[in-house]
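S.K.: Handing you this structure, nothing more for now.
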Amino acid sequence: MALLVSMPAAVLVFGSLYMLGSAYLEGKPVDIWSSMEWASETLTTTGYGAYAPWKHPLMILLVILTQFVGMFFLVLVFPVYVLPYIEERFELRLPRALPAMAGHVLFYRYGPAIDSLLHEFQRLGAAFVIFEEDAVTARDLRDRGYPVVLGALEDDPDALLGVGQARAVVTNSDDHTNATCILMVREQGFTGPIYALADHPLHRAPMLKVGATAVFTPTHVLGAALAARASTRIQPPAEGLHLLGPQIDLAEFRVQPDSALAGQTLGTLHLRERYGVTVIGQWRGGHFMVATGSSTRIEPGAILVAVGAPDQLIQIERLVVPIRRTGAIVVAGYGTVGRKVVDMLRDAGETTVIIDQQPMAGVDVVGNVLEHATLSRANVCAASAVILALSNDSEGVFATAVVRDYAPEVPLIVRVNRVPNVARLYQAGADFALSVGQMAGEILAYHLFDEQAISIQPHIKFIRLAADALVGLHPWQSAVQARTGVVVIAVRREGETRVMFTEDFRIRAGDLLFACGTEDSSDRS
């Protein structure tokens, strides 16, 4: 109320002083209305036009003082006190206390790491509440339809009152604030699981000591996933391939839009019959799609995963563009994620070339990845893969387009912060895009939903199978895949391994079958 009456009072006070000064000091009497008009124009800094008749020093000082008071109201009082007061009175107030928390999951602070998980909560109708300390972020979350509570843990010891009934707690702030939250949650009598997302692996042990159930470092997991996608030495694309010896190999081919394979179905191409090559599946938009039969369509731009004898795979190579597996791995961005990527690659024996705009120890090429001169110095065209570990999503999307245009055949793996930008990266030309939200979402969904809700990269396996119930069937019949969930790609009979089968070939008792599929299908077979 004091703020609302202060401005009219100032106009009346300074208007009265002006009226007295004009009459007794200037000898030019003015009425009260003209005086208040002068005061309001001065206080609001709207000016006087050509009206400036003052000559007496005291009158001039009065005018100057009034102008400064006007600026004080305009610059300090209105933004700091009046505008927040108006916002608080006229907009919907944010809750300051937790609701009934039975069956709810409490998320402490919002960020990209939990963005995809919140979408999953909404999709499943699972109950949750976000405790946010930043008012702007809290209002944005409320506008997006998220249940949010605004508060400050350090200022209000009762901010988490009622959290003891929650189903679980997830902390997503900086490490020291996460520790404070964990302690306060336990002080409220909460005995359930607390999952903390930490910035630094060394802080895991202290957080566990203060009460966390488990501590995860999603940015480091993201770095490991990016490195594994670029290097077959870290995670072989097909576990158990050695079982078949040198007779069978696995290769990845990029299907160009003008390729003879693009847009065709496996049933039309007859790759098994003509070349003895089995298509396991294809990477498209970062997802691995298993080949389910003759109706499977090879998508233009996809990365085809095929198995066969080396000589036979060379014939397929003539139809499409092979994925290069020689040359250094170029890593652009040497921050937290970039360092983890490089550490894993070097531990696996890979040669790396590091690009960063800042000169620092470990950086090989100092420059902007958006410039062709930088890409040339890093020899990107000869790289076996390029990993963009940039911290800014907008820069990452544009860098993806630049690198794809500069080196169209080099596998391009991109780190992204927010899950909605993954689709933009694929549109810009990325082969694989992974976000910290996907990493954290996969980890937390496993604990909160008892399932692995987000699949990052299926693991292809080669396994041995006994003939058993498949006796009398052709290895390539659809009934074989329907019964086993995997694709038979070779048969060992009397010490000889066969990968090509005539139409009259049938599986016999005593045959040893070699099959390939994803980890899930292999486990079921």
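S.K.: Could you look through the range 324-336, keep only residues that are in contact (Cβ under 8 Å) with a residue 60 or more places away in the chain and closer than 24 Å to Trp283 by Cα, and pick out the one that is surrounded by the most Cβ atoms within 10 Å (Cβ to Cβ)?
M.R.: Ala332
S.K.: Pick out the one residue from Gln452, Gln438 that is surrounded by fewer than 18 Cβ atoms within 10 Å (Cβ to Cβ) and either out of contact with any Phe, Trp or Tyr (no Cβ under 6 Å at 6 or more places or on another chain) or at pLDDT below 85 (or both).
M.R.: None of the others qualify; the one that does is Gln452.
S.K.: Also, quick follow-up: Could you grab me the full set of residues in the range 183-201 that are surrounded by fewer than 18 Cβ atoms within 10 Å (Cβ to Cβ) and under 19 Å from Met439 (Cα atoms)?
M.R.: Within the range 183-201, Asp199, His200, Pro201 meet the criteria.
S.K.: State all residues of the range 132-153 that are surrounded by 16 or more Cβ atoms within 10 Å (Cβ to Cβ), in a helix (DSSP H, G or I) and small (Gly, Ala, Ser); if no residue qualifies, say none.
M.R.: Of everything in the range 132-153, just one residue is surrounded by 16 or more Cβ atoms within 10 Å (Cβ to Cβ), in a helix (DSSP H, G or I) and small (Gly, Ala, Ser), namely Ala138.
S.K.: Among the residues that make up the range 438-447, is at least one of them closer than 30 Å to Pro300 by Cβ, in contact (Cβ under 8 Å) with a residue 60 or more places away in the chain and touching a Lys or Arg at 6+ places or on another chain (Cβ under 9 Å)?
M.R.: No, the conditions are met nowhere in the range 438-447.
S.K.: Of everything in the range 82-125, what is polar (S, T, N, Q) and either in contact with a helix residue (DSSP H, G or I) (Cβ under 6 Å, 6 or more places away or on another chain) or modelled with pLDDT under 85 (or both)? Give them in sequence order. Step through it out loud before you land on a result.
M.R.: Start the filter on the range 82-125 by keeping residues that are polar (S, T, N, Q), which leaves 116, 122.
Ser116, the sole residue that qualifies.
S.K.: Hey, among Asp156, Asp199, which residue is within 26 Å of the chain's Cα centre (by Cα) and in a loop (DSSP other than H, G, I, E, B)?
M.R.: Criteria check complete, one pass: Asp199.
S.K.: Hey, another quick one. Take the conditions in contact with a strand residue (DSSP E or B) (Cβ under 9 Å, 6 or more places away or on another chain), part of a loop (DSSP other than H, G, I, E, B) and of a type in the set (A, V, I, L, M, F, W, C) and apply them to Leu161. Does it pass?
M.R.: no
S.K.: Across the range 292-309, what is the number of residues that are crowded, with 16+ Cβ neighbours inside 10 Å and under 16 Å from Arg274 (Cβ atoms)?
M.R.: The qualifying residues number 6.
S.K.: Okay, moving on. Looking at Val419, is it in contact (Cβ under 8 Å) with a residue 40 or more places away in the chain and either within 29 Å of Thr374 (Cα to Cα) or surrounded by 20 or more Cβ atoms within 10 Å (Cβ to Cβ) (or both)?
M.R.: yes
S.K.: Counting only residues that are surrounded by 14 or more Cβ atoms within 10 Å (Cβ to Cβ) and either modelled with pLDDT under 80 or within 17 Å of Ser294 (Cα to Cα) (or both), how many does the range 474-496 have?
M.R.: 13
S.K.: Residue check, Glu26 against (1) out of contact with any Lys or Arg (no Cβ under 8 Å at 6 or more places or on another chain); (2) at pLDDT 70 or above; (3) surrounded by fewer than 18 Cβ atoms within 10 Å (Cβ to Cβ), all met but one. Which one?
M.R.: Every listed condition holds for Glu26 apart from (1).
S.K.: Just a yes or no: is a residue in the range 310-323 surrounded by 17 or more Cβ atoms within 10 Å (Cβ to Cβ) and under 27 Å from the mean Cα position of the chain (by Cα)?
M.R.: Yes, some residue in the range 310-323 is surrounded by 17 or more Cβ atoms within 10 Å (Cβ to Cβ) and under 27 Å from the mean Cα position of the chain (by Cα).
S.K.: Quick check on Leu208: is it out of contact with any helix residue (DSSP H, G or I) (no Cβ under 7 Å at 6 or more places or on another chain), in a helix (DSSP H, G or I) and either in the same structural domain as Leu388 (by TED's automatic domain parsing) or farther than 30 Å from Gly349 by Cβ (or both)?
M.R.: Criteria met by Leu208.
S.K.: Touching a residue at least 24 places away in the same chain (Cβ under 8 Å), surrounded by 14 or more Cβ atoms within 10 Å (Cβ to Cβ) and under 28 Å from Leu388 (Cα atoms): does that describe Val279?
M.R.: The answer is no for Val279.
The values are calculated or read from the model by the stated rules, or taken from the named source; none is laboratory data. Small disclaimer: the values here were computed from a predicted structure and weren't measured. Because the Cβ atoms are built from the backbone with ideal geometry, glycine has one as well, and the counts that use them run over all protein chains shown.
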